[in-house]
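Reading through the structure tokens given below for one structure.
Laboratory data are not the source of any read-out in this text; all were calculated from the coordinates shown. Just so it is clear, the model here is predicted, and its values are computed rather than measured. Cβ placement follows ideal geometry from the backbone for every residue including glycine, while neighbour counts extend to all protein chains displayed.
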Amino acid sequence: MKHFLQETDFAASELAPLFSLAREYKQQRGSHEQPLRGQTWALVFSKSSTRTRVSFEVGIHELGGNPLFLNRNDIQIGRGESVEDTAKVLSRFVHGLIVRTFDHAEVERLAAAGNIPVINALTDYLHPCQIYTDAFTMAERWTRSGDMARALRGRKIAFLGDTSCNVANSWILGANLFGMKISLAGPKEFAPTAALNATLAKEGFANRYQFTTDPFEAVRDADVVYTDVWVSMGKEEEARERIRVMTPYAVTGKLFAAAKPDALFMHCLPAHPGEEVTQDVLDSPRSIIFDQAENRLHLQKALMATLNVARTRT
Ligand code: CP
Ligand code: NVA
């Protein structure tokens with residue numbers, strides 16, 4: 001069974017067809033094939049969401065399927081039923097699972113115990129749907145036709161702020177898979193963790209990122225300047241201290257101007273203007289934050305269709 005729990009669940013050679021299908025779905029929205037016709041895909045969410053929930057629910061509907069949203073606290077897993085029993089029971093009813101949770105091990109256990117595709121819709125450790133969408137969104141800017149995956153190769157992304165959060169971790173893994181360079185700048189206590197280094201080593205990507213405490217060094221020659229919130233979901237008690245130590249890493253107009261002259265600004269959203277990014281950068285003509293948000297729909301539709309083909313073959 002093919003799952004999508006982390007970036008490397010697809011090989012580099014599988015990216016071009018995935019991006020090509022996403023582009024086709026985007027261009028033919030409303031008139032394309034409906035490969036999930038007659039199916040139900042469940043979303044099991046333990047955290048808040050705007051983009052992820054809506055893009056998956058709309059996406060499943062547009063592929064002909066039925067989305068079933070389950071808040072963790074409304075089902076028995078919230079009262080202690082095991083992850084494994086939950087996976088086995090849901091596998092008897094639905095055709096795919098989209099999971100947003102805290103502990104990354106939970107998505108791995110659901111995938112291992114069930115017999116339907118599981119998609120990681122964000123854990124404390126990784127957010128792969130976001131990163132694949134971001135890569136698609138960049139490639140759209142850099143090539144009008146042809147191999148979108150190839151357009152990413154050799155480009156540099158700079159990630160500022162909380163450089164040990166799920167989006168940063170996923171971007172480090174993603175950059176390595178896509179053949180991009182990645183430079184991160186944040187407080188040293190938020191440097192990429194030993195756990196992430198172990199994942200990179202396991203995937204054959206050991207030490208393939210640059211970390212610095214100097215934000216201007218990170219953005220030098222960058223094609224993309226990227227940031228995320230400083231206080232991720234579940235970290236609210238650390239908010240004051242995080243904001244204090246991360247303030248030097250805010251993406252201001254001055255910092256953005258130190259990247260390449262045609263550099264793009266990206267943010268997974270939700271944004272907190274005045275914290276990790278200033279309003280002028282969010283409003284810049286080179287800010288592509290809402291294309292990123294929209295493309296969640298197209299990319300995730302391609303992802304579900306691709307996993308569904310793999311599911312029917314196993
Ligand atoms: N970027 C993202 O995943 O947004 P949501 O938390 O709104 O789903
Ligand atoms: N790092 C953020 C991403 C939100 C989409 C969080 O986990 O809250």
*At 4 °C and 1.567 mPa s, grab the translational diffusion coefficient of segment 35-136 from Stokes-Einstein with a Kirkwood Rh over Cα pairs, rounded to a whole number in µm² per second.*
94 µm²/s
_Could you give each residue of segment 304-314 its phi-based ³J(HN,Hα) in whole Hz, using Karplus coefficients 6.51, -1.76, 1.60 with θ = phi - 60°, and x for Gly or Pro?_
5, 4, 5, 5, 5, 4, 5, 4, 6, 8, 9
*Check Gly96: other-chain or 5+ apart residues with amide H under 5 Å from its amide H, H built from backbone geometry?*
Ala42
_Note, ³J(HN,Hα) from phi for segment 281-297, Karplus 6.51, -1.76, 1.60, rounded to Hz, x at Gly and Pro_ = 6, 4, 8, 4, x, 8, 8, 10, 4, 7, 5, 4, 4, 4, 5, 3, 4
*Which translational diffusion coefficient, to the nearest whole µm²/s, is obtained for segment 77-167 from the Stokes-Einstein equation, given a Kirkwood hydrodynamic radius over C-alpha pairs, 20 °C and 1.002 mPa s?*
139 µm²/s
_Place a point 7 Å from Cα of Asn73 in the direction of its Cβ. Which residues in segment 101-125 have their backbone N less than 16 Å from it?_
101-102
*What shape does segment 264-307 take by its C-alpha gyration tensor, where a ≥ b ≥ c are the square roots of the eigenvalues and a/c under 1.5 counts as rounded, a/b above b/c as prolate, and the rest as oblate?*
prolate
*Only residues of segment 79-105 count here: report those whose backbone N is under 20 Å from the spot 7 Å along Cα→Cβ of Met1, or say none.*
81-105
*Karplus-derived 3J(HN,Hα), 6.51/-1.76/1.60, for each residue of segment 89-101, Hz, glycine and proline x*: 5, 5, 5, 7, 10, 10, 9, x, 10, 10, 10, 10, 8
*In units of 2.2 N^0.38 Å, what is the alpha-carbon radius of gyration of segment 1-57?*
1.35
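Taking a quarter of the surface of the convex hull around the Cα atoms of the chain, what do you get in nm²?
Average of the hull's projected areas for the chain equals 15.4 nm².
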*Over segment 47-90, consider all pairs of different Cα atoms and compute the Kirkwood hydrodynamic radius from their mean reciprocal separation; express it in Å, one decimal.*
11.9 Å
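How would segment 221-314 be classified by its alpha-carbon gyration tensor: rounded, prolate or oblate, with rounded meaning a/c under 1.5 and the a/b versus b/c comparison settling the rest?
Oblate is the answer for segment 221-314, as a/c is 1.5 or above yet b/c matches or exceeds a/b.
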*Cα centroids of segment 31-51 and segment 209-231: how far apart, whole angstrom?*
33 Å
*Any idea what log10 I(q)/I(0) is at q = 0.21 Å⁻¹ for segment 151-233, Debye with uniform C-alpha scatterers and no solvent?*
-0.93
*Output the relative contact order of the chain, whole-number percent, from Cα pairs under 8 angstrom with separation of 6+ residues.*
20 percent
*Could you tell me which trypsin sites (Lys or Arg not before Pro) in segment 77-168 are loop residues by DSSP with no more than 13 other beta carbons within 10 angstrom of their beta carbon?*
Arg144, Arg153
*Residue exposure sequence - His95, His267, His32 - by fewest surrounding Cβ within 10 Å*: His32, His95, His267
*Which of Tyr226, Tyr209, Tyr132 moves the most in a Gaussian network model of the chain with Cα springs under 10 Å?*
Tyr209
*For Arg155, residues with placed amide H under 5 Å, excluding near neighbours*: Lys181
*asked:* Quick query: amide H of Phe211 versus all other amide H atoms, modeled in the peptide plane; which residues come in under 5 Å with a sequence gap of 5 or more or a different chain?
replied: Leu184
